[in-house]
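Input: a single structure, listed below in structure tokens.
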Amino acid sequence: MFDLDLESVEEASINEDAAKIIMQLEAWFESRTDKLQEIARSQPDTVKINDFENSNPDFINGFKAGLVAAVEVMRKFPVNVE
């Protein structure tokens, strides 16, 4: 079993390399969130993911609703480096 006992803290010190990694992760997270929002706002006729393809309007609306829900759950990157 993998169990982390993490406490929420207001402030912590980290080294410069760790700060760079966190900033890169934050940029990646924001780019993925932006992409999900862009897809959710689009008006596709078909959803295609790898070999899967679906043109059913109900599926497309549900898929887009799922993207909106995912972005809402993810919100903002949980770590801030200053």
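The values are calculated or read from the model by the stated rules, or taken from the named source; none is laboratory data. Treat the numbers as computed from the prediction; the structure is a model and nothing was measured. Note that we place each Cβ from the backbone using ideal geometry, even for glycine, and neighbour counts take in every protein chain shown.
Condition test on K76, is it of a type in the set (D, E, K, R) and at pLDDT 90 or above?
Numbers: of a type in the set (D, E, K, R): yes; at pLDDT 90 or above: no.
Answer is no for this residue.
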Considering (1) surrounded by 11 or more Cβ atoms within 10 Å (Cβ to Cβ); (2) free of Cβ contacts under 8 Å to residues at least 24 places away in the same chain; (3) assigned to a helix (DSSP H, G or I), say which one P44 fails and leave the rest.
(3)
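In this structure, is Q24 at pLDDT 90 or above and assigned to a loop (DSSP other than H, G, I, E, B)?
Values: at pLDDT 90 or above: yes; assigned to a loop (DSSP other than H, G, I, E, B): no.
In short, no.
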Sort out which residues of the range 47-82 are among the aliphatic types (A, V, I, L, M), under 26 Å from L25 (Cα atoms) and either in contact (Cβ under 8 Å) with a residue 24 or more places away in the chain or part of a helix (DSSP H, G or I) (or both), and write them in order of number.
A65, L67, V68, A69, A70, V71, V73, M74, V79, V81
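Of the residues that make up the range 4-11, is at least one free of Cβ contacts under 8 Å to residues at least 12 places away in the same chain and part of a helix (DSSP H, G or I)? It would help to see each step written out before you state the result.
Start the filter on the range 4-11 by keeping residues that are free of Cβ contacts under 8 Å to residues at least 12 places away in the same chain, which leaves 4-11.
Restricting the remaining residues to those that are part of a helix (DSSP H, G or I) gives none.
There is no residue in the range 4-11 that is free of Cβ contacts under 8 Å to residues at least 12 places away in the same chain and part of a helix (DSSP H, G or I).
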Within the range 32-82, work out how many residues are farther than 30 Å from I22 by Cβ and of a type outside the set (S, T, Y).
20
Starting from the range 17-33, take each residue that is under 18 Å from M74 (Cβ atoms) and list its partners that are aromatic (F, W, Y), counting only C-beta distances under 7 angstrom and pairs at least six apart or across chains.
E26/F77; F29/F77; E30/F77
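Quick grid of which residues meet (1) closer than 20 Å to E82 by Cβ; (2) among the charged types (D, E, K, R); (3) surrounded by 10 or more Cβ atoms within 10 Å (Cβ to Cβ):
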site: D5; (1), (2), (3): no, yes, no
site: A12; (1), (2), (3): yes, no, no
site: I21; (1), (2), (3): yes, no, yes
site: E26; (1), (2), (3): yes, yes, yes
site: D34; (1), (2), (3): no, yes, yes
site: E38; (1), (2), (3): no, yes, yes
site: N50; (1), (2), (3): no, no, no
site: N61; (1), (2), (3): no, no, yes
site: G66; (1), (2), (3): no, no, yes
